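The values are calculated or read from the model by the stated rules, or taken from the named source; none is laboratory data. Bear in mind the structure is a predicted one, so any value in this text is a computation, not a measurement. When we count neighbours, we look across all protein chains shown, and the Cβ atoms used for this are built from the backbone with ideal geometry, even at glycine. Each accessible area value is taken on the protein alone, full model and side chains, heavy atoms only, with ligands, DNA and RNA left out. Shrake-Rupley method; radii C 1.70, N 1.55, O 1.52, S 1.80 Å.
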Amino acid sequence: MATKTQQKPEAPRGLSGNMDEIFLGNVLDITVVRRLVRYSMAYRGTTIAVVFGMLGYISAVVAQPLIIAWGIDGFITAGPDEDRWGSLGIVSLIFFGDTLLLGVSQFIQFRSLSRLSTNILYDVRDDMFTHLQKQSTTFFDHNEVGRIMSRVQNDVLALQEWMEMSIPTVGDVFLLGAIIVAMLVADTQMAALALAPAPLMILTMFIWQRKAKPTFIRIRAAISVVNANLQEGITGVRVAQSMNRQAENLRRFDTLNRAHRDAAVHGGFLSGMLMPPIEMISMTSVGIVVVFGGLRVYDGLLEVGVLFAFVMFLLRFFEPIRLMTMEFTQFQKAMASGARIFELLDIEPDMHDPADAATLPEVQGRIEFRDVTFGYVPGIPVLNHINLVIEPGESVAFVGLTGAGKTSLASLVQRFYDVTDGQVLIDGIDVRDVSRKSLASQMSMVLQEPFLYSESVRANIRFNHADVTDEQIEAAATAVGAHDFIVKMPDGYDTVLEQRGANLSMGQRALVSMARAIVSDPRILMLDEATANMDSDTEHKLQEALRVVLKGRTSLLIAHRLSTITGADKIVVLEHGNLVEVGKHQELLDQGGVYAGLYAMNFGEDPTLSV
Amino acid sequence: MSPVIRLYKMILHYHGRQLALGYSATLGAAIAGLTIPWVLGIGIDRVIDPTNETQGTGALLALAAIIVLLGLSRGLFSWAQTFIGEGLSQKIAYRIRNDYYDQLQHLSFAFHDKQTTGSLMSRATADVEAVRMFVNMGAVRSMLIVLMLFGAAIAMLITDVQLALITLAFVPVLLFRAIRTSRRLRRLWLRVQELTGEMVATLQENLTGIRVVKAFAAEEHEISKFRVRSQAVAHQTFLAQSTWAKNFAIMNFSFMVVMSAILWFGGNRVIDGREVVNGQILYLNMTPGELASFFVYMNMLIMPVRMSGWIVNSFSRASSSGQRLFDILDMKSPVQEAPDAVDVGRSSGRVTFDHVSFAYDGVNDVLHDINVEVPVGAVVALVGRPGSGKTTFAHLVPRFYDVTEGRILIDGRDIRDLTLESLRRNVGVIQQDVFIHTASIRDNVAYGYVEAHMDDVVGAMKIAQLHDFIDELPSAYETVVGERGIGLSGGQRQRLAIARTILLDPPVLVLDDSTSSVDVHTERLILHALDEVIEGRTTFLISNRFHAIAQADEILVFQDGRIAQRGKHDDLVDVPGEYQDLYASQMRPFEEARVAALEAERAQGGD
Ligand SMILES: Nc1ncnc2c1ncn2[C@@H]1O[C@H](COP(=O)(O)OP(=O)(O)OP(=O)(O)O)[C@@H](O)[C@H]1O
Ligand SMILES: Nc1ncnc2c1ncn2[C@@H]1O[C@H](COP(=O)(O)OP(=O)(O)OP(=O)(O)O)[C@@H](O)[C@H]1O
Ligand SMILES: [Mg+2]
């Protein structure tokens, strides 16, 4: 068996804090766009439909003024009086055909776009979730739920809005190009004159953009603070009510909410500010066409229909530009969101199965800590040179004051974390050499804080063991003594629990989580203060029952109440991360060391306490 | 009342003047906008009217100047309209957010038991945003559409009645479609929001319970669970969007069909009236310029019509989102303060349970006929098996829930006659499920008493035996804890919760298993310190550790929601029953050891 010694602990990895501070990115972030395009490759057909819809739409729009001009110049102001069907009729029909093209292509464009965006966003979300599941416990130690949630939820939503709004905008850009070409073809000189104010417009937008950006950043920063505060208000509502903090909380929330409102109102002022110059510039273009074109019509150099088409084009021309300005911030917002999403997707899980990870064969349950040193933060060890062998079928209890390292030691067996030094071996196999799934599926751990899902009791106990039968579920519940209260619930095993099991008492939650741990008949069971909220009698009966259920299984037990552990095959005493005593209850008592002291505290009379 | 109407009422009530200003600006923008085609029409007629030659360049320049000015004024009015619309929408959103926050703070535990944080958050974010969009787009800007449509209709009627009537035929069609689709879309979006809420809840549970996932290697299980939810969201979103796309395309199409009609009918009218007099063309029915202005009018309506699609959308979203928000805002908390509630001031701490029964669901009693009379300053211990009703008992005193039957008295007064604030000021509950705020340790301790003096904070922390630990941290009391700060161990969290309640110095104190994760040594120190400040205070102590329970003035033994036994430790321990069973199992090792020791002694003595 390969022995891995020195493995440098890496600095805690996670979502960079400053990424969350970036509220607006570049208008176009090439890396973000490129990766989104990669996602769209899976939906080539839909993408092509979007492009075709867009092209159809653009041609239909550009053709409209031209058809009208043709009608005016060819048949309305001049031309024959007779055979209207053959002349004006045909023009009108062609216009109608164009309209049909416009309607259909627009429908195709929007529908395919929405199919594309929902598909891509589904994939992105799915990748994020899957990727998150691969992250180690360390990652979750360093990144709060709220921040991760906001990436999977809000950032994906920002991308969604962007895709719905901006891809039509891409169409608008092409439309602009098409209009310019159409005008140039119709009358180069006049087109050049009409477009002369356009650079002024771009300059205006550029300046505005630079001035407005800080405000839009402020708005986004403000709303994220508002939401974070709200979230804490919701999760902490029970404390707030119990301590009469509602008024103070509202006051604080109001301050943040108000700051956001004021920033946003100012943002509205800035958004509108752009309109007068834009309108004026675009109407200047129209004015130029009226004067210049009018003179040319006088001189018989230009037909009135073409003049009209120019006006129509110009009215169309500035609309998309205006829209794009409005969506500027939307673009930047989406790019910042995209960058955050891909940052998360790019985080390498700091603990993954080695390429040649073997599957851990069915284990006997022998656990060995070989000179294990471990720390959460490099340089600050929480466990020092632990050497310990636990034989298959043994029940071992860990005791020690708070913070001694009991939980940490147990979590190494499951490979929640990797050791800093030394080895953890199961049946002689280093836990780092096998796939984590094969490792974790052979053992169960009941955590210090019971966590239940808002699903039925049955689903909670079964959890990921799809092959467990209802009988096994009931047997497990019966073994831990949960069956009686479960059947008394309104729908028995099918009663759906509230968030985190709020409709159960704390002790009941612990019992259900214990049933979940034993239902798969694990070879190794670890209980971390699982019975802290229970009375000793319940706990005692529970242990008797477990002893039967877990016959021949290895069990690790952490408890503060010594009555819980006196029956263990082996008691391990930890102090400041050092293993100080190992032995049976009576042996340790006779030693008169740390354990004996704890024992006296548990059962002896305390002379200092008198009520 | 429909949520949309309510929103309108809200706007009128709080910001009526602003709405009027917004509408005026809209009106200005519409008038300026509608004048432009008219001027353009005149211009076109001028340039093709050979009799007008004399006026030449000057007239054209004047026209151009008017157009530019009209453009400018439309721009200014739009600016005002955008500013006012955005401002109005933000103010309404602000108001709703505040109301929502306040409402959540006041809804009782029973409400929060049944809600997930995810769904409450999605209301506060997505639904508030939908309502805000509606105020801006739907309430303010929709007026622009109405004005533009009306203005264009009038202008067209003035220009040419016959052609105008043909053109306007599309309006009813458009309206009919808009209304019909809006209904359908409303349902679809409501569903999207519900499904999104479920997805977010799944995500949130997965992340908060990630250690469980890891412990069971249940990653794949979770992925498939999430996938089902997110697939449903994607599917439903697509359904809603494609319904909208269809509606949008049809509206656009029917609009454009009108343009072809104008071309055909208008063109014919111009040609019909075309006469050549003295080699010059005269238009008797309708001039080409007038025809052109029709097209320009229609062109100007493209934006409003396109926007009306958005607005239909925003109407439907607002009515489903508004519904979800108003549902919460209108909710009456089951725990209500009486209209004539009194402030008790500082009570002496005499607590009485008078035939109290309680059921969480109103049907299945969790507590049955509880009668307790606690004298001032007594320590009452509550023991019992999991689910026997201890926490429930404790939560009734500060009215986290209201009793189903019977009454609870403090100083002889029914607690329902007191203000909630004064009641809770008198009853400090250290809850079993500890929640720590992301804030500095100082702020966490001073949570219920913001102005607390630092000495008092330190004093409370000393009682909770946490001062020494905090003091050693680099930034001591300014250290940030909670999700975004350093992690605290289970025992440390419990002690922080003790400290923040002690600081409030309530006459009635409830410790709900508050030292279960604290080692016995520390626990003893805490109880001892509490003992010193407990003078004259009524204490309910829920615990499973007998060295603490044994000292109580009275012990209540809970069994299936009833008080099975009561009395002092010395009395209870000698009678067979629940208490003895509980006690014996904890003392068993000790007893065994004592027996062993005695035997050993005897064996020695026998030597
Ligand atoms: N996720 C973590 N990140 C950083 N430090 C941690 C983390 N978890 C625990 N610690 C620290 O490691 C040390 C050992 O903690 P551990 O949880 O193993 O103690 P314990 O003996 O199980 O205590 P308890 O009785 O409270 O469960 C403590 O000083 C604690 O502050
Ligand atoms: N929020 C709730 N909604 C519905 N039922 C609940 C709720 N909280 C508790 N219950 C039920 O009420 C009963 C009493 O629960 P309670 O929390 O009072 O027990 P407890 O004696 O405090 O138990 P523990 O020692 O485990 O904390 C249990 O059967 C539990 O399932
Ligand atoms: Mg309880």
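Given (1) within 7 Å of chain B (Cβ to nearest Cβ); (2) buried (at least 20 other Cβ atoms within 10 Å of the Cβ), where does A:GLU248 come up short, assuming only one miss?
A:GLU248 satisfies every listed condition except (2).
Evaluate the following for A:ASP494: is it open to solvent by less than 10 Å² (accessible area, probe 1.4 Å), charged (D, E, K, R) and more than 16 Å from ligand 1 (Cβ to nearest atom)?
no
Go through (1) farther than 18 Å from A:VAL61 by Cβ; (2) open to solvent by 40 Å² or more (accessible area, probe 1.4 Å); (3) not assigned by TED's automatic domain parsing to the domain that holds A:VAL289 for A:ALA192 and report which single condition fails.
Tallying (1) farther than 18 Å from A:VAL61 by Cβ; (2) open to solvent by 40 Å² or more (accessible area, probe 1.4 Å); (3) not assigned by TED's automatic domain parsing to the domain that holds A:VAL289, A:ALA192 fails exactly one: (3).
Can B:ARG46 be described as among the charged types (D, E, K, R) and within 27 Å of B:ARG191 (Cα to Cα)?
Taking the combined requirement at face value, the residue does not satisfy it.
Being more than 22 Å from B:ASP127 (Cα to Cα), in a helix (DSSP H, G or I) and within 14 Å of chain A (Cβ to nearest Cβ) is the filter here, so list the residues in segment B:174-214 that pass it.
Answer for segment B:174-214, where residues must be more than 22 Å from B:ASP127 (Cα to Cα), in a helix (DSSP H, G or I) and within 14 Å of chain A (Cβ to nearest Cβ): B:LEU174, B:ARG177, B:ASN206, B:LEU207, B:THR208, B:ILE210, B:ARG211, B:VAL212, B:VAL213, B:LYS214.
If A:SER520 satisfies all but one of (1) more than 12 Å from ligand 2 (Cβ to nearest atom); (2) more than 22 Å from A:GLU362 (Cβ to Cβ); (3) in contact with a Ser or Thr (Cβ under 8 Å, 6 or more places away or on another chain); (4) open to solvent by 30 Å² or more (accessible area, probe 1.4 Å), what's the number of the condition it fails?
For A:SER520, the exception is condition (2).
Out of segment B:277-291, which residues are facing another protein chain (nearest Cβ under 8 Å) and either among the acidic types (Asp, Glu) or open to solvent by less than 30 Å² (accessible area, probe 1.4 Å) (or both)?
Listed by number, the residues that qualify are B:PRO288, B:LEU291.
Only one of these is at pLDDT below 80, open to solvent by less than 30 Å² (accessible area, probe 1.4 Å) and either more than 8 Å from every other protein chain (Cβ to nearest Cβ) or in a loop (DSSP other than H, G, I, E, B) (or both): B:GLU535, B:GLU523. Name it.
On the way: B:GLU535 fails: open to solvent by less than 30 Å² (accessible area, probe 1.4 Å).
Every option except B:GLU523 fails the conditions.
Would you call A:GLY305 touching a Ser or Thr at 6+ places or on another chain (Cβ under 8 Å) and in contact (Cβ under 8 Å) with a residue 60 or more places away in the chain? Reasoning before the result, please.
Details: touching a Ser or Thr at 6+ places or on another chain (Cβ under 8 Å): yes; in contact (Cβ under 8 Å) with a residue 60 or more places away in the chain: yes.
Yes.
Right, B:ASP361: under 18 Å from B:PHE109 (Cα atoms), within 16 Å of ligand 2 (Cβ to nearest atom), open to solvent by 60 Å² or more (accessible area, probe 1.4 Å) and of a type outside the set (Lys, Arg) or not? Spell out the reasoning first.
Working: under 18 Å from B:PHE109 (Cα atoms): yes; within 16 Å of ligand 2 (Cβ to nearest atom): yes; open to solvent by 60 Å² or more (accessible area, probe 1.4 Å): yes; of a type outside the set (Lys, Arg): yes.
Criteria met by B:ASP361.
Tally time: how many residues in segment B:370-407 are more than 10 Å from ligand 2 (Cβ to nearest atom) and part of a strand (DSSP E or B)?
Total meeting the criteria: 11.
Confirm whether B:ILE96 is open to solvent by 10 Å² or more (accessible area, probe 1.4 Å) and more than 9 Å from every other protein chain (Cβ to nearest Cβ).
no
Which one is nearest to the other protein chains (Cβ to nearest Cβ) among residues in segment B:484-520 that are within 16 Å of ligand 3 (Cβ to nearest atom) and among the acidic types (Asp, Glu)?
Taking the candidates together, the pick is B:ASP513.
Which numbered condition trips up A:GLY507, out of (1) open to solvent by less than 10 Å² (accessible area, probe 1.4 Å); (2) of a type outside the set (D, E, K, R); (3) within 16 Å of ligand 1 (Cβ to nearest atom)?
Among (1) open to solvent by less than 10 Å² (accessible area, probe 1.4 Å); (2) of a type outside the set (D, E, K, R); (3) within 16 Å of ligand 1 (Cβ to nearest atom), the lone unmet condition for A:GLY507 is (3).
In segment A:364-381, what residues are within 14 Å of ligand 1 (Cβ to nearest atom), open to solvent by 40 Å² or more (accessible area, probe 1.4 Å) and touching a residue at least 12 places away in the same chain (Cβ under 8 Å)?
The answer is A:TYR376, A:VAL377, A:PRO378, A:PRO381.
So that you can scan it fast, the table gives a plain yes or no per residue for (1) open to solvent by 40 Å² or more (accessible area, probe 1.4 Å); (2) assigned to a helix (DSSP H, G or I); (3) in the same structural domain as B:ASP45 (by TED's automatic domain parsing); (4) closer than 29 Å to B:GLY33 by Cα:
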site	(1), (2), (3), (4)
B:GLN236	no, yes, yes, no
B:MET251	no, yes, yes, yes
B:MET256	no, yes, yes, yes
B:GLU275	yes, no, yes, no
B:SER293	no, yes, yes, yes
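Among B:VAL397, B:VAL374, which is the only one that is in the same structural domain as B:ARG545 (by TED's automatic domain parsing) and away from ligand 3 (no atom under 15 Å from the Cβ)? Break it down stepwise before answering.
Numbers: B:VAL397 fails: away from ligand 3 (no atom under 15 Å from the Cβ).
Answer to the selection: B:VAL374.
Just to verify a result, which residue in segment A:389-401, among those that are of a type in the set (Val, Ile, Thr) and crowded, with 18+ Cβ neighbours inside 10 Å, is farthest from ligand 2 (Cβ to nearest atom)?
If we filter segment A:389-401 for residues that are of a type in the set (Val, Ile, Thr), which is where we start, we get A:389-390, A:396, A:399.
If we keep only those that are crowded, with 18+ Cβ neighbours inside 10 Å as well, we get A:390, A:396, A:399.
Numbers: A:ILE390: 30, A:VAL396: 26, A:VAL399: 23 Å.
So, considering only residues that are of a type in the set (Val, Ile, Thr) and crowded, with 18+ Cβ neighbours inside 10 Å, the one farthest from ligand 2 (Cβ to nearest atom) is A:ILE390.
Return the pair list, or none, for Cβ contacts closer than 6 Å from residues in segment A:494-519 that are free of Cβ contacts under 8 Å to residues at least 40 places away in the same chain to residues that are within 16 Å of ligand 1 (Cβ to nearest atom) and not basic (Lys, Arg), at least 6 apart or on different chains.
From segment A:494-519, the pairs are A:GLY507/A:ASN533.
Can you give me the number of residues within segment A:389-405 that are more than 10 Å from chain B (Cβ to nearest Cβ) and within 15 Å of ligand 1 (Cβ to nearest atom)?
Residues of segment A:389-405 that are more than 10 Å from chain B (Cβ to nearest Cβ), as a first pass: A:389-398, A:405.
Checking which are within 15 Å of ligand 1 (Cβ to nearest atom) leaves us with A:396-398, A:405.
Here the count works out to 4.
For A:ASN503, only one of the following conditions fails: (1) modelled with pLDDT under 85; (2) more than 10 Å from ligand 2 (Cβ to nearest atom); (3) under 14 Å from A:LEU452 (Cα atoms). What is its number?
Answer for A:ASN503: the failing condition is (2).
Among B:LEU163, B:LEU147, which is the only one that is in contact (Cβ under 8 Å) with a residue 60 or more places away in the chain, within 14 Å of chain A (Cβ to nearest Cβ) and either open to solvent by 50 Å² or more (accessible area, probe 1.4 Å) or part of a helix (DSSP H, G or I) (or both)?
Testing whether each residue is in contact (Cβ under 8 Å) with a residue 60 or more places away in the chain, within 14 Å of chain A (Cβ to nearest Cβ) and either open to solvent by 50 Å² or more (accessible area, probe 1.4 Å) or part of a helix (DSSP H, G or I) (or both) leaves just B:LEU163.
Condition first: of a type in the set (A, V, I, L, M) and farther than 30 Å from B:GLN162 by Cβ. Can you find one or more residues in segment B:255-274 that meet it?
No; the residues of segment B:255-274 include none that is of a type in the set (A, V, I, L, M) and farther than 30 Å from B:GLN162 by Cβ.
Working carefully through the options B:MET137, B:MET133, find the one that is more than 7 Å from chain A (Cβ to nearest Cβ), in a helix (DSSP H, G or I) and open to solvent by less than 40 Å² (accessible area, probe 1.4 Å).
B:MET137
Which residue pairs have Cβ atoms closer than 9 Å, lie 6 or more positions apart in sequence or on different chains, and pair a first residue in segment A:34-57 that is under 27 Å from A:PHE342 (Cα atoms) with a second residue that is open to solvent by 50 Å² or more (accessible area, probe 1.4 Å) and acidic (Asp, Glu)?
Here the result reads A:TYR39/A:ASP127, each pair linking segment A:34-57 to a residue that is open to solvent by 50 Å² or more (accessible area, probe 1.4 Å) and acidic (Asp, Glu).
If the requirement is being more than 8 Å from chain A (Cβ to nearest Cβ), under 20 Å from B:ARG346 (Cα atoms), crowded, with 22+ Cβ neighbours inside 10 Å and away from ligand 2 (no atom under 16 Å from the Cβ), which of these qualifies: B:ILE430, B:ILE441, B:ILE410? Full working, then the answer.
Details: B:ILE430 fails: away from ligand 2 (no atom under 16 Å from the Cβ); B:ILE441 fails: under 20 Å from B:ARG346 (Cα atoms).
After ruling out the rest, the residue left standing is B:ILE410.
Please find, within segment B:371-407, the residue that is farthest from ligand 1 (Cβ to nearest atom) out of those that are more than 11 Å from chain A (Cβ to nearest Cβ) and hydroxyl-bearing (Ser, Thr, Tyr).
B:THR404
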